[in-house]
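The values are calculated or read from the model by the stated rules, or taken from the named source; none is laboratory data. No experiment lies behind these values; they were computed from the predicted model shown. Neighbour counts are summed over all protein chains in view; Cβ atoms, including those assigned to glycine, are modelled from backbone coordinates with ideal geometry.
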Amino acid sequence: MIFEGLSSRLQETFKRLKGRGKLTEKDVKAALREVKLALLEADVNYKVVRDFVKKVQERAVGAEVMESLTPGQHVVKIVRDELTELMGGKAVQLRFESSPPHILMLCGLQGSGKTTTAGKLAKHLQKQGRRPLLVACDIYRPAAIKQLQVVGEKVGIPVFTLGEEDPVVIAKAAKEHALENNNDVIILDTAGRLHIDTELMAELQAIKEAVKVEYTVLVVDAMTGQDAVTVAEEFDQALNIDGVILTKLDGDARGGAALSVRAVTGKPILFGGFGEKTEALEVFHPDRMASRILGMGDVLTLIEKAEANLDQQRAEEMGKRILTAEFTLEDFLEYMAQMRKMGPLDEILQMLPGANKIRGLKNIKVDEKQLKRIEAIIQSMTLEERRRPEIIDGSRRRRIAAGAGVKVQDVNKLLKQFNESKKLMKQLGLLEKKAKKSGFFSLFK
Amino acid sequence: MWGLMEIARVGFFSKLKEGLAKTRNGLVAKIENLFQGQSEITEELYEDLEAILVQADLGVDAALNLVETLRERVKAERIKEARRLTEILKEELKELIGEPGKLAKNPEGPTVVMVVGVNGTGKTTSTGKLAYHLVGEGNKVLLGAADTFRAAAIEQLEIWGERSRASVIKHQMGSDPAAVAYDAVQAGLSRGSDYILIDTAGRLHTQTNLMQELEKIGRVIGRAMPGAPHEILLVIDATTGQNALSQAKLFSKAVPITGIILTKLDGTAKGGIVAAVADTLKVPVKFIGLGEGPDDLKPFDTDSFVEALFERD
């Protein structure tokens with residue numbers, strides 16, 4: 001992380017703000033200064049930041065400070081609420097109203113991730129019991145059609161292509177094809193284009209007119225900077241978009257573009273893309289995005305990710321154990337198996353607020369091959385050894401190494417790392433407890 | 001240093017409201033218009049300049065630093081005319097970005113160029129355009145399709161190979177990219193190619209295992225030909241905001257970046273973050289991408305880039 005999160009910054013500001021009662025203009029200004037910087041560093045558009053902060057200032061000055069909160073914390077609460085509100089409040093679901101086949105058109109700049117998103121979206125809809133059809137309307141970029149075909153094959157969704165025909169013709173033919181083949185949702189994957197390319201924008205308008213497009217969805221890269229505003233405005237003006245999908249959220253971009261896009265178009269953000277796996281599309285939660293933009297960690301997403309892949313009880317148990325010293329090698333083994341579904345440990349840890357404060361956490365890096373080796377080592381241990389690694393002496397180490405097909409040093413290394421991460425997890429647990437006690441943590445849940 | 005920044009920040013934002021009143025309806029005119037009919041240097045002018053820099057994606061830190069330098073120079077050089085502010089700012093920006101760089105040329109044997117970057121920045125397109133450009137100059141070019149991950153990336157590069165009359169070395173989709181790179185270098189050596197361009201898969205800089213893979217590709221290229229790769233170009237999308245800095249830092253940890261290609265400058269994005277990136281990595285920007293046509297890769301020019309940063313539509 002290049003930029004410290006807002007939370008660590010504001011802790012500095014909080015120190016200076018100890019007063020009680022009504023929020024004074026001075027309190028508000030001091031806190032909002034940090035908020036402005038946080039938003040700009042998260043790539044929220046300059047003008048959007050300015051308008052937003054002005055609005056918050058009006059609301060915050062004179063507000064009664066809640067019991068148990070410092071004035072600074074109260075300002076942040078207001079900021080977070082307003083930010084969530086601005087991004088649409090609650091998560092929005094896709095709702096198809098006309099008669100099938102429902103047509104959804106993806107559009108956006110080059111490289112924003114339309115084709116990958118098309119595949120994920122199709123998979124998502126299929127899980128909901130739909131019968132989607134993917135349609136290749138990018139006739140310009142070399143091998144774009146082939147790319148969609150490969151993506152379709154991977155997710156097991158049919159792909160309709162008509163070579164390099166006019167995209168309007170392709171869309172019409174796809175509709176016929178869908179009717180004949182009982183596909184109830186059509187996803188049009190269109191070519192990447194610049195918002196100022198009037199010719200190509202006219203092509204999208206023509207598609208929209210020719211087949212009844214129910215959802216025109218703009219795909220936006222979460223790493224987009226100040227220009228997100230211009231892009232979104234132009235696409236919306238030309239096509240009257242219905243919603244936005246934000247991609248590449250698995251990186252470390254704070255994603256201020258989400259706020260910019262929402263502020264200028266007023267259209268909801270429907271999904272977030274979190275990686276290259278086909279399941280990596282998630283319903284967009286404005287409250288979580290608000291926390292992310294402000295740099296406050298993303299505890300809720302973490303919890304939900306875990307819940308989707310583990311069953312509830314096990315998730316809770318594991319969560320508790322991870323944060324205490326009771327974590328055993330057996331848990332570790334199970335955890336690793338689950339982790340493949342959840343994503344890499346370093347990414348998960350980054351979602352925890354306060355995690356950036358723990359020294360050594362940044363150095364935890366996990367790679368897949370090593371994971372397999374670790375699994376082999378643990379599997380070569382007896383149950384007793386997994387529960388009580390301290391009993392593993394020299395001869396046990398040799399046996400385990402032989403069983404796993406690794407060197408004794410690898411076993412030593414694993415045991416050492418395990419002990420270290422145990423310590424780290426314990427620290428994290430303490431941190432969370434402390435945060436809860438101060439009431440700060442609960443604010444952002 | 002940090003203290004100074006904090007002070008600058010306070011100054012920046014306390015006046016934000018009044019200072020930006022004039023930009024409320026969009027920055028319509030060119031920056032020069034700001035100074036017309038106004039000869040005195042006011043606080044407002046500094047703030048307007050900061051706003052312009054931030055809106056060009058230079059980043060808050062770089063913008064504040066630049067304007068701070070500007071203030072110091074105005075004081076030290078006893079500058080009185082508002083008009084001169086932009087000149088000085090442009091000078092400072094050019095200094096920050098540095099001279100543009102030329103593509104490396106290995107005097108003995110083929111020059112190996114590796115193209116890297118996050119997903120969707122335009123690596124394959126840039127590699128293809130670079131091949132076209134080099135073939136046009138009379139070079140014999142070989143392409144290595146080391147993006148074995150993204151669906152149809154190999155086919156995409158093959159089409160560019162046909163367009164630019166460069167041959168393509170490829171394996172199956174999903175195969176080891178380092179092996180492809182190795183074969184490409186071997187083939188280039190035996191065929192007497194002038195340039196060997198290796199296209200790699202897009203990867204987020206935060207994905208440790210993929211960054212290690214990149215490191216390995218670089219290593220394997222070096223094994224196939226000592227001294228190679230001679231050039232490792234990081235492709236940055238001009239639409240990208242602050243995250244480009246994080247990309248630059250983490251990519252250069254994995255492989256030694258020698259230059260930058262800034263793509264998609266034909267849109268409305270200013271690509272200002274490249275100033276911070278070039279400054280951080282201390283590597284030159286070598287090319288810019290201006291579209292999808294084979295001719296749309298141009299040598300970078302610091303002067304016109306800086307001029308464009310200040311242009312408003």
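Odds and ends about this structure:
For (1) in contact with an Asp or Glu (Cβ under 6 Å, 6 or more places away or on another chain); (2) away from chain B (no Cβ under 14 Å), each residue gets a yes or a no:
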| position | (1), (2) |
| --- | --- |
| A:L194 | no, no |
| A:E209 | no, yes |
| A:V219 | no, no |
| A:G225 | yes, no |
| A:L259 | no, no |
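- Scan the range B:220-273 for residues that are farther than 18 Å from B:V54 by Cα, touching a residue at least 12 places away in the same chain (Cβ under 8 Å) and assigned to a helix (DSSP H, G or I) and the total you get is 12.
- First in the range A:375-387 and over 16 Å from A:R398 (Cα atoms), second anywhere and at pLDDT 85 or above, Cβ under 8 Å, 6 or more apart: A:E384/A:I391
- Count - residues of the range A:229-250 that are more than 7 Å from chain B (Cβ to nearest Cβ), out of contact with any Ser or Thr (no Cβ under 6 Å at 6 or more places or on another chain) and in a loop (DSSP other than H, G, I, E, B): 2
- Unmet criterion (only one of (1) touching a helix residue (DSSP H, G or I) at 6+ places or on another chain (Cβ under 9 Å); (2) more than 23 Å from A:D81 (Cα to Cα); (3) within 14 Å of chain B (Cβ to nearest Cβ)) for A:E199: (1)
- Qualifying positions in the range B:286-296 - within 14 Å of another protein chain (Cβ to nearest Cβ) and surrounded by fewer than 23 Cβ atoms within 10 Å (Cβ to Cβ): B:L290, B:G291, B:E292, B:G293, B:P294, B:D296
- Residue within the range B:35-48 that is surrounded by 23 or more Cβ atoms within 10 Å (Cβ to Cβ) and of a type outside the set (D, E, K, R) present: no
- Pair list, Cβ < 7 Å and 6+ apart or interchain, from the range B:90-111 residues that are buried (at least 17 other Cβ atoms within 10 Å of the Cβ) and part of a loop (DSSP other than H, G, I, E, B) to residues that are at pLDDT below 95 and acidic (D, E): B:P100/B:D301
- When residues in the range A:123-140 are screened for being under 19 Å from A:A173 (Cα atoms), away from every other protein chain (no Cβ under 14 Å) and among the aliphatic types (A, V, I, L, M), 2 of them pass.
- Listed conditions (1) touching a residue at least 60 places away in the same chain (Cβ under 8 Å); (2) out of contact with any strand residue (DSSP E or B) (no Cβ under 8 Å at 6 or more places or on another chain); (3) not assigned by TED's automatic domain parsing to the domain that holds A:G272 are all met by A:F96, apart from (2).
- Put simply, of A:E41, A:E82, A:E97, A:E58 the only residue that is among the acidic types (D, E), within 14 Å of another protein chain (Cβ to nearest Cβ) and surrounded by fewer than 20 Cβ atoms within 10 Å (Cβ to Cβ) is A:E58.
- Inclusion of B:E155 among residues that are surrounded by fewer than 24 Cβ atoms within 10 Å (Cβ to Cβ) and within 12 Å of chain A (Cβ to nearest Cβ) is warranted.
- Answer residue from the range B:271-285, given it is over 9 Å from B:L58 (Cα atoms) and out of contact with any Phe, Trp or Tyr (no Cβ under 6 Å at 6 or more places or on another chain) and is farthest from the other protein chains (Cβ to nearest Cβ) among those: B:P284
- Residues that are hydrophobic (A, V, I, L, M, F, W, C), at pLDDT below 95 and assigned to a loop (DSSP other than H, G, I, E, B) were ranked within the range A:82-112; the one that is farthest from the chain's Cα centre (by Cα) is A:F96.
- Extreme residue, modelled with the lowest pLDDT, among residues of the range A:25-55 that are closer than 14 Å to B:V60 by Cα and small (G, A, S): A:A38
- Within the range B:37-71, the set of residues being at positive phi and facing another protein chain (nearest Cβ under 9 Å) comprises B:D57, B:G59.
- Qualifying residue in the range B:199-208 (condition: within 23 Å of the chain's Cα centre (by Cα), in the same structural domain as B:G259 (by TED's automatic domain parsing), farther than 26 Å from B:F300 by Cβ and β-branched (V, I, T)): yes
- Subset of the range A:103-133 that is over 26 Å from A:E234 (Cβ atoms) and of a type in the set (A, V, I, L, M, F, W, C) - its residue that is surrounded by the most Cβ atoms within 10 Å (Cβ to Cβ): A:A122
- So A:A222, is it more than 25 Å from the chain's Cα centre (by Cα) and either within 30 Å of A:A253 (Cα to Cα) or modelled with pLDDT of 95 or more (or both): no
- Considered as a group, the residues in the range A:145-161 that are assigned to a helix (DSSP H, G or I) and touching a residue at least 12 places away in the same chain (Cβ under 8 Å) include one that is farthest from the other protein chains (Cβ to nearest Cβ), and that residue is A:V155.
- Among the conditions (1) assigned to a loop (DSSP other than H, G, I, E, B); (2) under 22 Å from A:I103 (Cα atoms), the only one that A:A253 does not satisfy is (2).
- Of residues in the range B:250-264 being in contact with a Leu (Cβ under 8 Å, 6 or more places away or on another chain) and within 14 Å of chain A (Cβ to nearest Cβ), the one surrounded by the most Cβ atoms within 10 Å (Cβ to Cβ): B:K264
- Of all positions in the range B:243-260, none carries a residue that is of a type outside the set (D, E, K, R) and farther than 19 Å from B:V118 by Cβ.
- Taken over the range B:204-226, the criterion of being touching a Gly at 6+ places or on another chain (Cβ under 8 Å) and at the interface with another protein chain (Cβ under 10 Å from one of its Cβ atoms) is satisfied by B:L204, B:H205, B:T206.
- Whichever residue in the range B:176-209 is among the hydroxyl-bearing types (S, T, Y) and modelled with pLDDT of 95 or more and, among such residues, is farthest from B:T125 (Cα to Cα): B:S190
- Scope the range B:162-191; condition among the small types (G, A, S), free of Cβ contacts under 8 Å to residues at least 40 places away in the same chain and crowded, with 20+ Cβ neighbours inside 10 Å; matching residues: B:A166
- Between A:I207, A:I187, A:I170, the distinction of being within 27 Å of the chain's Cα centre (by Cα) and buried (at least 20 other Cβ atoms within 10 Å of the Cβ) belongs to A:I187 only.
- Every test in (1) under 22 Å from B:V60 (Cβ atoms); (2) more than 14 Å from chain A (Cβ to nearest Cβ); (3) more than 17 Å from the chain's Cα centre (by Cα); (4) not hydrophobic (A, V, I, L, M, F, W, C) is passed by B:P229 save one, and that test is (1).
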